[in-house]
1. Under 7 Å between Cβ atoms, which residue pairs at least 6 apart in sequence (or on different chains) link something in region 19-30 that is over 14 Å from Arg60 (Cβ atoms) with a partner that is open to solvent by less than 40 Å² (accessible area, probe 1.4 Å) and at pLDDT 90 or above?
2. Suppose we filter region 163-176 for residues that are more than 15 Å from the chain's Cα centre (by Cα) and assigned to a helix (DSSP H, G or I); how many remain?
3. Just checking, does region 50-58 include any residue being at pLDDT below 90 and touching a helix residue (DSSP H, G or I) at 6+ places or on another chain (Cβ under 9 Å)?
4. Check whether at least one residue in region 64-74 is closer than 27 Å to Arg145 by Cβ, modelled with pLDDT under 90 and within 13 Å of the chain's Cα centre (by Cα), and report yes or no.
5. Given the condition over 18 Å from the mean Cα position of the chain (by Cα) and open to solvent by 60 Å² or more (accessible area, probe 1.4 Å), answer yes or no: does some residue in region 141-160 qualify?
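The values are calculated or read from the model by the stated rules, or taken from the named source; none is laboratory data. The structure presented is a predicted model; accordingly, all values stated were derived computationally and were not measured. Cβ coordinates were reconstructed from backbone atoms using ideal geometry, including for glycine residues, and neighbour counts include every protein chain displayed. For the accessible areas, the whole protein counts, side chains as well, though only heavy atoms, and no ligand, DNA or RNA atoms are used. Shrake-Rupley method; radii C 1.70, N 1.55, O 1.52, S 1.80 Å.
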Amino acid sequence: MNGSLALDTTSLEDIRDVPANMNAFLAGIERRAWRMAEIHLGNRDDAMDAVQDAMLRLVRHYGEKPAGEWTPLFWGILRRRIVDLQRRRKVRSIIVGWIGGGRDDEGDELPSWDPADDAPDPSARLQDSQAYGDIVEALRRLPRRQREAFTLRVMEGLDVAETAAAMGCSDGSVKTHLSRAMHALRDQLEAWR
C-alpha cells in the first residue's frame, strides 16, 4: 500500500488537537481496515477512500469518547461507508447503462462506465499466493452481513458484543451470520483442507 492512511493533521484543518493516542489507534488499525475495505469493495482506491473517511468521521464525531469505545465505533463507521460505496456503484452502473456517461456540472461529457480492471492488482501480487486469492474470492461470494460478521470477528478479532455494535445488530444475529459464513467458507475452500 502506498503511503499511510493515518491522519495527517496538516490536511485536517477543521480538526484540532487530535489526541496522540487517537493517532496511535488509527495507525495501528489502518492496514487491517484497508484490507477489509479492499476485500469488500474490490478496488484499492475506493478502499483507501472508505478507510480515510471512516478515520475522519471517528475523529470528528467520536474523538471525545473513551479509547475503549473506538474499535467498535470505527468498524461500524467503516462498514456503513463500504455499504454506501457499494450502493452508489450499483445505482451508477444502472443509470449509466440507461443513459450513457452523462455530463458533469460544467457540461463536460463524463466517460462511460467501464467494468473494473480484472488484471491482478498489486496487493494480490504482493501476497503471491493462490490461497489469498481464493479466500478473498470466497469472502466476496458471501452475503454482505455474513462477510461483515466474518471479517470483524475472525479477521479483526472483535468480540461478539463489539461486532454487534459495529454491525448495528444483536449478539444473536452476529452469531448466526458468523456460523453461516463459516459453513459457506468451509464448503467453498474444501480443496485447501
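1. So the pair list comes out as Phe25/Trp70; Ile29/Phe74; Glu30/Val51.
2. Residues that pass the stated criteria total 8.
3. No; the residues of region 50-58 include none that is at pLDDT below 90 and touching a helix residue (DSSP H, G or I) at 6+ places or on another chain (Cβ under 9 Å).
4. For region 64-74, residues closer than 27 Å to Arg145 by Cβ, modelled with pLDDT under 90 and within 13 Å of the chain's Cα centre (by Cα): absent.
5. Scanning region 141-160 turns up at least one residue that is over 18 Å from the mean Cα position of the chain (by Cα) and open to solvent by 60 Å² or more (accessible area, probe 1.4 Å).
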